[in-house]
Amino acid sequence: MTCMKIVIVENPRPRTLEHYNDVANAPLSASLNSGYALAVARRAGWDAVHLDLASHAWDAAGMAGLILAEAADMILFHWVYAWGHEEVVRDLLGLLCLESAAPLGALGIFPTLARQRLMQYAPHLDFILTGEFEETLADLLQEFSIVGTIRPLPGMLLRDHAGAARPLIEDLARLPLPDDVGSNLGYPSLNIAASRGCFGQCSFCFIRSYYGCSRRRLRPLASLEQELEARLARRAIHSIYFVDPTFIGHGDEERQRAVEIGRMAERFGLPFGFETRVDTFDENTMELLAAHGAQSVFLGIESGCDSVLQRIGKRITTEQIRRAVRMVRRSGVRLNLGFIMFEPDTCLAELEENYAFLEDLELLDHHELTANLLYHNQIVLYGSMAWRHFEGEKRLLLDGRLPFEARYLFRDERVGLVCAAMGRLCAAYFGGMDALLDMTGTTGREECGVTGSAPQKFSPDAVNALLKDAFRSFCAAAGNLSRVRFETLEEGYRDSLSKMLL
């Protein structure tokens, strides 16, 4: 019997000016989706091939040729929001349909959240695997091998049939070992999941919508250790990163579990990083994790205003954030932060409160971190809770070029003015820093200006001071100047920044 073949394709993902430094088109856990799909296919007895077109030249015909050359029986896209360039994948699907009879499908957070609209947008798409897809894919491949057609299944949307929801996988040890593929192979760090889902209900997050619930399922530690051992044998790894939306849950048992995982990583001789909420750990836990090799922790603090934290459903307080930041610093673990400076309902006073909060915690001392903290606005993608909310309030600003993304009207127009100005200034900063790094051959922004590789006139402190001063000036000017005079102020800061980075 001839072995059937599936091609898993990473869709092209452009780097656009509007989203130059944004990565929120998928949660970090999505980095494992293609690896899991490949492993499921092989377990089902299929030949499985991976094509990474994420950074490919934007030539639909050329990409179609690469896919068609595999002569696959099924083609499955791990389709991620493409910042308004989904038409390239749509055109690619059309070319594939002309030359191949292989069914065309999609999986991932974007196809799940936008499934009905995506089916209309991409008429050559045959099916979508919705939500947690591994068991649905296994059933699909087994049945297709027998009958040669795609029939309705739980967890799958067909063009003419919406299948029932599929129950979540309760025992995560049943999952196969995911392949390490695509861009992941270029990193010395290994992404791995010790749990799935999140108990949070943050209004800007996609995790709850993707899994259909607000709960977290834990991976048995024995299976986690077995996966680490098997995947570490495949290639040289320098560190581990746990992609769980929250690595630590609430309570003593959860904290002890996190420490046990830290010991596990230490036994393999590898440092590790993770993401968690500020209300899940204490000082002892952080010290123990650091002792076992924790290198970094990402905290999604999102705001320095209790009013904003309450609005976005974060269910934490600024005092909890302060304690968590101080605990991480005392442990010596590197701190990374998620922050939404420009939440759509923010007022000018809250912007100023955010700034004072960050300054008080000494989080605005380095130009790269300052740029990241002072410019992020909330991203609203089709299928998210935020899209439905702002659509209901008639505040969505739709653009025909962006069928799955929208801007919005800020409740306070002055905040929108500051947001746009900081966005343009920080885009110039990120572009200028990249050009500076290319010129000097420096591998990391933190090194630039420290190792002596940057031009003598480049001053990290001066750049940092300019970014901070610009933010304060924009806030102060937003309510007092005409739009023309505000634009003049903005141009002045951009010109000064350009001279610093040339």
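A few notes on this one:
- For the stretch 88-183, trypsin sites (Lys or Arg not before Pro) meeting the loop criterion (DSSP other than H, G, I, E, B) and having at most 15 other Cβ atoms within 10 Å: Arg159.
- Taking label points 7 Å from Cα along the Cα-to-Cβ direction, Glu352 and Thr16 give a separation of 3.5 nm.
- Residues Phe77, Phe268, Phe474 in ascending order of nearby Cβ atoms (within 10 Å, fewest first): Phe268, Phe474, Phe77.
- Given their separation in residues at 0.36 nm each and the Cα-Cα distance between them, Arg215 and Glu170 gain 15.1 nm when the chain is fully extended.
- A quarter of the convex hull surface defined by the alpha-carbon atoms of the stretch 284-381 gives 6.8 nm² as the mean projection.
- Quarter of the Cα convex hull surface for the stretch 178-411, i.e. its orientation-mean projected area (nm²): 13.9 nm²
- Across the stretch 83-136, Cα-Cα distances exceeding 19 Å account for 26% of all pairs.
- Modelled this way, with points 7 Å down the Cα-to-C-beta line, the labels at Ser296 and Gln310 are 3.5 nm from one another.
- Unit Cα scatterers, Debye sum, the chain: log10 I(q)/I(0) for q = 0.09 Å⁻¹: -0.69
- Shown here is the pair-distance distribution of the stretch 5-162: with all Cα-Cα distances grouped in 10 Å bins from zero up to the longest one, the shares run 11, 44, 38, 7, 1 percent.
- Paramagnetic label zone (point 7 Å from Cα along Cα-to-C-beta, Gln116; backbone N under 17 Å) in the stretch 58-93: none
- FRET E, pair Asp461, Asp47, Förster distance 51 Å, beta-carbon r, rounded to 0.05: 0.35
- Estimated FRET transfer efficiency when R0 is 51 angstrom, pair Arg159-Arg322 (beta carbons, to 0.05): 0.50
- Computed from the Cβ-Cβ distance with R0 of 45 Å, the FRET efficiency linking Ser203 to Cys3 stands at 0.45.
- Chain lengthening between Glu487 and Ile146 when straightened (0.36 nm per residue, less Cα-Cα): 116.3 nm
- GluC sites (Glu not before Pro), loop per DSSP, at most 11 other Cβ atoms within 10 Å - longest free stretch of the chain: 171-361
Values in this text are rule-based calculations from the coordinates and carry no lab data. Treat the numbers as computed from the prediction; the structure is a model and nothing was measured. Positions of Cβ are generated from backbone atoms using ideal geometry, with glycine treated the same way; all protein chains shown enter the neighbour counts.
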